[in-house]
1. If only one of Thr12, Thr23 is among the polar types (S, T, N, Q) and loosely packed, with under 10 Cβ neighbours inside 10 Å, which one is it?
2. Select from the stretch 1-22 the residues that are under 15 Å from the mean Cα position of the chain (by Cα) and in contact (Cβ under 8 Å) with a residue 24 or more places away in the chain and list them in ascending order.
3. Do we find that Val71 is among the β-branched types (Val, Ile, Thr), under 14 Å from the mean Cα position of the chain (by Cα) and outside any helix (DSSP H, G or I) in this structure?
4. Go over the candidates Ala66, Ala42, Ala46 one by one and state the one that is at pLDDT 95 or above and either touching a Pro at 6+ places or on another chain (Cβ under 6 Å) or surrounded by 17 or more Cβ atoms within 10 Å (Cβ to Cβ) (or both).
5. Could you list, in sequence order, the residues of the stretch 69-84 that are under 21 Å from Asp26 (Cβ atoms), touching a strand residue (DSSP E or B) at 6+ places or on another chain (Cβ under 9 Å) and at pLDDT below 60?
6. Where residues in the stretch 23-64 are of a type in the set (Lys, Arg) and within 27 Å of Ala74 (Cα to Cα), which of them is nearest to the chain's Cα centre (by Cα)?
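The values are calculated or read from the model by the stated rules, or taken from the named source; none is laboratory data. Just so it is clear, the model here is predicted, and its values are computed rather than measured. Here the Cβ positions follow ideal geometry from the backbone for every residue, glycine too, while neighbour counts run over all protein chains shown.
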Amino acid sequence: MVLGSLGDHWFTVTLAAEDTERTKPDPAPYLAAADRLGLDPAACVAVEDTPTGVASARAAGCSVLAVPSTVPIARGSPTSCATSPSPAASPPPAHTSKN
């Protein structure tokens with residue numbers, strides 16, 4: 001439904017629930033997407049809006065940007081990425097300002 005509204009021309013690959021044997025919170029969807037892209041999951045950033053999706057992406061080894069929407073994602077919960085980023089994620093480079 002969303003893909004139809006946005007248009008698939010914006011995406012290199014797409015993957016739906018029926019494309020993997022297991023679904024979220026299993027890491028299979030993110031592992032399959034990284035494979036289709038030819039990337040290591042550690043090189044991927046997942047944008048997720050549910051605790052189940054965050055758990056799936058983290059289990060696959062992706063970095064995660066959690067954007068709560070209809071289902072809250074509590075800070076510090078096992079599915080939160082705000083306090084415990086993916087082990088494969090490295091901290092952002094330091095930024096200094098002269099102002």
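1. Numbers: Thr23 fails: loosely packed, with under 10 Cβ neighbours inside 10 Å.
One residue alone meets the criteria, Thr12.
2. Val13
3. Numbers: among the β-branched types (Val, Ile, Thr): yes; under 14 Å from the mean Cα position of the chain (by Cα): no; outside any helix (DSSP H, G or I): yes.
Judged against the criteria, Val71 is not a match.
4. None of the others qualify; the one that does is Ala46.
5. Across the stretch 69-84, the qualifying residues are Thr79, Ser80, Cys81.
6. Going residue by residue through the stretch 23-64, those that are of a type in the set (Lys, Arg) are 24, 36, 58.
After this cut, where a residue has to be within 27 Å of Ala74 (Cα to Cα) as well, the list is 24, 58.
Working: Lys24: 11, Arg58: 7 Å.
Among those residues, the one meeting the criterion is Arg58.
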